[in-house]
Amino acid sequence: MTIPADQLTQDMISAEISRIHAEHVQSSRAAGSPGPVHPPRDFSAYRSTLLRHPTHELVRADPEGIELASPAFGHTDVAVEESDLTIQHSGEPLGERIIVTGRVLDGDGRPVRNQLVEIWQANGSGRYVHKRDQHPAPLDPNFTGVGRLITGDDGSYRLTTIKPGAYPWKNHRNAWRPAHIHFSFFGSAFTQRLITQMYFPGDPLFGLDPIYQSIVDPAARERLVACYDHEVSEPEWAIGYRWDVVLTGPRSTWMEPEDADHA
Ligand SMILES: [Fe+2]
């Protein structure tokens, strides 16, 4: 019998996470390898994955054919100001102003230049501007929570934004997401688009979050956590974080499966 989400306690979810991790360690040892970077698509503690993970072989899309009908960059070029989420309205958004910077690299450490990077996030109170987010935290009239940019020749990117708050998400009773920023890397074609989440160091919710914990390799989980970088912080202005992203290879940054709902 399936237990309703509002009766599932954090202890039950944490026990489920521990069980899956133990099974993973056991199967990795048996196979003599550290196991895959990417999580199982049906990670039961992250409950909605059970209903929406693929149960059939994936459909192979013709990358050229799909380009004829899929989204493109939009109607305008990407403006430099779009990488600053604090200047999109007439006033200053509330919260802790931060700078997030880093490099997008391939598996051999080469910069991935001219890459469209899109981000979206909750405001400083943990609220999204989205009709499905109705939890009682305030919207900020000066913060929409979306931005985009193009990586430089060295693969670098730089964002100015507000540190997002944690928010509840109904996976189970008293379920809270650690603060995070969603990142999309477009690639050179729509079929290459990769999506992931960046977290902040030392978040007390890491151990409890089934999305973060769905990555069973601890090293792969840690690669999603930005570092505080005092060289990036600006005096009297903003706190700085550094986060590098590796798109391919054994040290790659975890990316969401294509059917995820991006909680
Ligand atoms: Fe989110």
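In percent, rounded to a whole number, the relative contact order of segment 120-263 is 16, using alpha-carbon pairs under 8 Å and six or more apart. Neighbour counts of C-beta atoms inside 10 Å place Leu94, Leu68 in the sequence Leu68, Leu94, starting with the fewest. By the helix-only formula, in which each DSSP H run with n ≥ 4 contributes -39500 (n - 2.57) and the sum is divided by residues, the chain has a 222 nm mean residue ellipticity of -4000 deg cm²/dmol.
How much of the DSSP beta bridge set in the chain is antiparallel, as a percent to the nearest 5? Of those bridges, close to 80 percent are antiparallel. Under 1.5 on a/c is rounded, so check that first for segment 99-178, then, if it is not, pick prolate when a/b is larger than b/c and oblate when it is not; a ≥ b ≥ c are the square roots of the alpha carbon gyration tensor eigenvalues. In terms of gyration-tensor shape, prolate. Annotation: the antiparallel percentage among DSSP beta bridges lying fully within segment 60-184 is about 95.
Which order do Asp209, Asp140 fall in if you start with the one that has the fewest other Cβ atoms within 10 Å?
Going from sparsest to densest Cβ surroundings: Asp140, Asp209.
Report the residues of segment 96-129 in range of a label on Glu236: point 7 Å along Cα→C-beta, backbone N strictly under 11 Å from it. Flagged as within label range: none.
Under a model in which nothing but the beta-carbon of Lys, Arg (+1) and Asp, Glu (-1) is charged, the chain shows a dipole of about 680 debye around its Cα centre.
Sorted ascending by nearby beta carbons within 10 Å, beginning with the fewest, Phe200, Phe206, Phe143 become Phe206, Phe200, Phe143. Starting from the Cα gyration tensor of segment 123-254, take the square roots of the eigenvalues, sort them a ≥ b ≥ c, and report rounded, prolate or oblate (rounded when a/c is under 1.5, otherwise prolate if a/b is larger than b/c, else oblate). Rounded.
Between His53 and Val80, residue separation times 0.36 nm minus the direct Cα-Cα distance comes to 6.0 nm.
Readers should treat all values here as calculations from the given coordinates under stated rules, not as data from a laboratory. Note that the coordinates shown come from a computational prediction; the quantities given were computed from them, not determined experimentally. Using ideal geometry, Cβ is built from the backbone for each residue, glycine included, and neighbour counts are taken over all protein chains shown.
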